1. Chains C and A: what accessible area do they bury, summed, in square angstrom to the nearest 100, with a 1.4 Å probe?
2. What percent antiparallel are the DSSP beta bridges of chain C, to the nearest 5?
3. Name the shape class, rounded, prolate or oblate, that the alpha-carbon gyration tensor gives for region A:36-116, where a ≥ b ≥ c are the square roots of its eigenvalues, rounded holds for a/c under 1.5, and otherwise prolate holds if a/b is larger than b/c and oblate otherwise.
4. Quick one: accessible surface of residue A:149, probe radius 1.4 Å, all protein chains present, in square angstrom to the nearest 10.
5. Within a Cβ distance under 14 Å of residue B:103, other residues only, what is the Lys/Arg minus Asp/Glu net charge?
6. Helix C:179-201 sits at what angle to the longest principal axis of chain C, using alpha carbons and giving 0 to 90 degrees rounded to 10?
7. As a test of the definition: with a 1.4 Å probe, what buried accessible area, both sides summed, do you compute for A against B, in Å² to the nearest 100?
8. Give C:51/C:165; C:51/C:123; C:126/C:329 a once-over and call out the pairs whose C-alpha atoms are over 20 Å from each other.
Amino acid sequence: MSAVTTNTPAQVADFRHRLDITVDWLVIPLVIMLFAAVFSVHFALLVGDWDYWIDWRDRRWWPLVTPLALSVIPGVFGYLLWDRLRLPVGGTLTILALSAAAWVSRYMNFHGFGGFPMDMVFPSTFIALGLILDTVLVLTRSWFWTGLIGGYLFGALIYPLNWPLLAAYHVPLELHGNMLTVADLMGFEYVRTAIPEYVRIIEHSTLRTFGGVVTPLTAVFAGFLTVLSYWFWVWIGSLVSRTTWLRKII
Amino acid sequence: MAATIPNDGMTAKGARPTKAAAAARMLSLNLPWGKFSAGLVGMLLLFGLYRWYTEATAFTHGMDYFSPDFRTYWMNLMFVQLIVIGVVGVASVSYLWKTRDRHMEALSPMDELRRYMFLIVQLMATTICAYIIFSLYAESDATWHQITVRDTDFTPTHVGLFYFGTPMTILFSAIHFMYARTRLPQFAARLSVPHAMIVAGPILIMPNVGFNEWGHTFFYAEELFAAPIHWGFVVLGWSFFAAGGLLVQMFSRMSELVRSMETAARPA
Amino acid sequence: MKILKILAIALATACVGGFSPLAAAHGERAQMPQVRMRTVHWFDVTVSATKLDVNQILVVKGSFIPSDFWPTQFPSAEETAFLNIGVPGPSFVRLDSRVNGVPMIRSTSFHPELQYNFEITLKARKPGRYHIHPVINVKDTGPLIGPGLWVEIGGDQAAFTNTAKTLLGQDIDLESFGYANAVHWSILWAVVGVAWFVWWLLRVPIILPRFRRAAELGANADQMITLGDRRVALGFLVLTLSLIVGGYMYADDKWPITTALQAGKIAAPPAQRPAVPLDVRMNEARYRIPGRSFRVALTVTNRGSSPVTVGELDAGNVRFVNSSVLQVKPADADDLVASDALHVDGGPVAPGETRDIVVYADDALWETERMTTMIDSPDAIVAVMLFFYDGDGKRYPVEVGGPMIPVFG
């Protein structure tokens, strides 16, 4: 039985506090799952193969395609979290959710279901890039500067960030009279029936040697593209955060 | 807005302040946490069982669409799951419509808040489902395609991803959409565009599967996962961006409701 | 109800783990017959063992000839192709893969009418029973599958080893190389990322209170960011950048010699083919649906010194054998050999003679392998590989092709 009575301000204040906590308990896991879901499908179908296989992470395309696709979700949800809650966690939290989902999926699918050794299919690390966006946002409190500084570093630093994980796989070895990297050898030995070697979209050559400098050129270009990408997706974030209502469907 | 709100379990002043009494004195949404947890566990069990079945039979009985084994282990499963999901979907949506609140103008802030919490729980179930589908099931399909030769449109991982997981996401989406339309005043009075977008995305995945299979049949032979033929799924996944707008709509209204309770409780 | 019953049986079977027999096909029956008949002709495909243990070596050998009737709507193997192996997942690792003695570690080109002999050396990795096919992946055409043979691997996957030596002299285990290092770095970054999130979580409840506060403050919502937040953010930024730079320097120091992923094509030399002293023209091909009978009318000119006759007709990995010329038994239950399915009207063609002969390949395999769907194709042109045999048992492979007419009655 419920009686209809007037409540005291203290009761309502207490209720509000508990409601706030309950909303946190439900909505924080909800948005983390949401980020994991959206980011996973987005990343799988735009970067996927480059991040699935150790022999796809090259110097030309992987560091270019990855930040371009990776900056989308931090831009969109970063706007929401900052604009409506002043929570500068859009970069870190979305990428943490992606990383957690990627590790679970690589282990369960590529390793468990497909049978590949984990050293061939582990995900790259991107969390630092989210941290850069979020911390620059707190320090500048400006989308312009966050895009310009944070976005640039986001694109430019993806390769050095992952180099401690990847360098070992770029050590050369010899197979039947050909030089390969360790990653190439793994790609050759661990049979992929429907992903033959030629499907890899990787650097085939350069026109100029630039004193051996290849990756920094990609980094500079990736930084530039990511600035534009981040600004664009922040703008999209501002559109999708709107509370649009229609009187009727048609 | 009504100046009074239902207050469950008030205790008389001066009563011994036991823990139960203290709890009873509080305003409460009385959310059925046990049921929520049971629903979550049930959902995880269902997806877990499905995954186990996939691992147990995919490579042994799911490699060739034209084999009798495939019919037994996979096509039958597909037909049954589509029928069950369809029936449950129609029944749930019909039930929500039939039992819709016809007197929403009389809804108390507390009850409306309670309904918002139910909507949040339903959204959570949908996002858990979406996570499982968009990450685990989608990448099991990626794994499958990269280590086997493409069969017909029906493979074990497609049956799981497109004919179980996606319909399940649509089912959850349809339920929370209809729940909001029939029980929450602002969602009943007008159409929330963000809400409609996050429901439309999963629904449109189904016709996009048609495009995907058309492309793989006619012109796209490789299984590069990041190929343009798959980008339609990306765009539909982006429909979930609108969750931002939906949450803002919900939080705004929830804040208004709490404010109305505060106003009502303020001494004259 | 019947469906439910069958489903229940399938689930019950799954529960007790009684999965057998295994499915043999790998999706090739879904490929249209023209793709199977007019792209690559495989022959003499063998495996060195049908039973072996983890870590033991399996050699898959055989030959193939790319078709001269390659459908123009599909990119040809002359562009980019890769010799592959069809097994579900890395049940084996591929130690070597050669075409005419040249290692095929990357992609190559294969030319029509030339013969390529291949040899793929595999090492058993994961116990199970596998249907192994040689495969040629052709860019934008997809996987073209060769004949499949069953191989069973016994033993324990835990015992599997796969090592290599780098050019710097380091011995590495490819099953786990660098993985612990990658895990450590990933955990480190996850900890830093979670720490940043926790800094903001510390002030829970954070959603509705901050939502209300930001709405109240409007354009001044930046006030919600405190000096402490800014200091912590600066700290995290410095830490992040330092760790990136430090990590890069550490990696550069630990692995000073690295190189780029290797790409580029490898040339595959064709094998020397013995001259074929025959001119063969296909005059007509008809497929009679009720009898599952494929009839090819040919004009054969024998320029050799011994009479020749057709001993075998291969169409899309299905072998129709003339038992009066050679005896071939299927290697296993799923080997697509019809041992007594080829009949020749017109007898052997004598040296110097030009004669019209008719070859009949009649077997249910046309149906079970779904080759019959060729009658429903927008490109009703077929090609088959004929193996002529002379009096000394010498074999002459000849490809013929052309339009196919279905016979419905």
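The values are calculated or read from the model by the stated rules, or taken from the named source; none is laboratory data. All values derive from a computational prediction rather than experimental measurement. Positions of Cβ are backbone-derived with ideal geometry, glycine not excepted, and every protein chain shown enters the neighbour counts. All accessible areas refer to the heavy atoms of the entire protein, side chains included, with ligands and DNA or RNA removed. Shrake-Rupley method; radii C 1.70, N 1.55, O 1.52, S 1.80 Å.
1. Details: alone 22430 and 15110 Å², together 29810 Å².
Chains C and A together bury roughly 7700 Å² of accessible area.
2. On the way: 86 of 95 bridges.
Close to 90 percent.
3. Numbers: a/c = 3.09, a/b = 1.63, b/c = 1.90.
Oblate, because a/c is 1.5 or more while a/b does not exceed b/c.
4. 70
5. Values: positive: B:100, B:102, B:115, B:183; negative: B:101, B:105, B:111, B:112.
Local charge sum for residue B:103: 0.
6. So the helix axis and the longest Cα principal axis differ by about 40 degrees.
7. Numbers: alone 15110 and 15130 Å², together 23490 Å².
Interface area, both chains combined: 6800 Å², rounded to the nearest 100.
8. Values: C:51/C:165 29 Å; C:51/C:123 12 Å; C:126/C:329 29 Å.
With Cα atoms farther than 20 Å apart: C:51/C:165; C:126/C:329.
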